[in-house]
Amino acid sequence: MELQGKAAHSAAIRERAEAEMKAIGVDEAFIGTLVDTFYARVLAHPELGPVFDARLSGRWPEHMEKMKSFWSAVAFRSGAYGGKPVQAHLGVANMSPELFPKWLALFTATLDDIAPNQEAKAWFTSTAERIARSLTLSLFYNPALDDPALKRS
Ligand code: HEM
């Protein structure tokens with residue numbers, strides 16, 4: 001009974017997400033195009049390109065598949081992605097908080113060129129901003145540094 005309730009609940013969440021994406025013209029094909037176009041631009045970017053390529057050289061095809069399932073899982077609430085984004089970024093050399101606004105600017109510029117409409121652009125932009133903020137906090141800010149006891153000393 002309990003399990004059936006949970007399954008019905010996740011099915012309802014998935015259905016709502018699918019309907020929301022359909023209403024703004026987003027489907028799996030668009031997610032594929034977005035990921036392909038964005039990472040081609042990342043690779044060509046003077047600062048982002050080397051950071052990504054140093055880590056992903058020889059593993060780009062797997063990364064692209066992973067990013068497609070990541071965005072698909074976020075958009076359609078499908079459970080298609082089961083990775084750990086914070087851990088994945090911990091080992092990336094030359095990662096810095098300053099790179100995030102550059103990543104977001106490139107992502108937004110890509111959406112300007114290829115998003116099917118303004119609503120789709122707004123959905124991907126705000127979702128990426130939220131995830132980028134949470135990644136930045138997890139990767140670079142240690143809450144202990146805000147401890148008032150530390151500030152006094
Ligand atoms: C400057 C910003 C960023 C840099 C330099 C960066 C770099 C990377 C690199 C090098 C990897 C591959 C890690 C590996 O497989 O060894 C990776 C994975 C990933 N990135 Fe980022 N990233 C950035 C921002 C973001 C943002 C904003 C998002 C989400 C909107 C994101 C989502 C992911 C995900 C889901 C993975 C796959 C994690 C896994 O292995 O399951 N990244 N990133």
Let me check I've understood the local charge: for A73, count other residues with C-beta under 11 angstrom from its C-beta, Lys and Arg +1, Asp and Glu -1. What total comes out? +4
For the chain, dividing by residue count, accessible area per residue (probe 1.4 Å) in Å² works out to 62 Å²
For the chain: Kirkwood Rh in Å [reciprocal of mean 1/r, alpha carbons]: 17.4 Å
Ignoring any ligand, DNA or RNA, what whole percent of the accessible area of the chain comes from carbon and sulfur when the probe is 1.4 angstrom? 57 percent
Summing -39500 (n - 2.57) over every DSSP H run of at least 4 residues in the chain and dividing by its residue count gives a helix-only mean residue ellipticity at 222 nm, to the nearest 500 deg cm²/dmol, of -24500 deg cm²/dmol
Restricted to pairs 8 or more residues apart or on different chains, the lysines in the chain with C-alpha atoms under 22 Å apart form a number of pairs equal to 9
Report the Cα-based extents of the range 1-73 along its three principal axes, largest first, to the nearest Å. 52, 27, 18
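The values are calculated or read from the model by the stated rules, or taken from the named source; none is laboratory data. Fair warning: this is a prediction, and the values are worked out from it, not measured in the lab. No Cβ is skipped: glycine too gets one built from the backbone with ideal geometry, and neighbour counts run over all protein chains shown. In case anyone asks, the SASA skips ligands and DNA or RNA and just uses the protein heavy atoms, side chains included. Shrake-Rupley method; radii C 1.70, N 1.55, O 1.52, S 1.80 Å.
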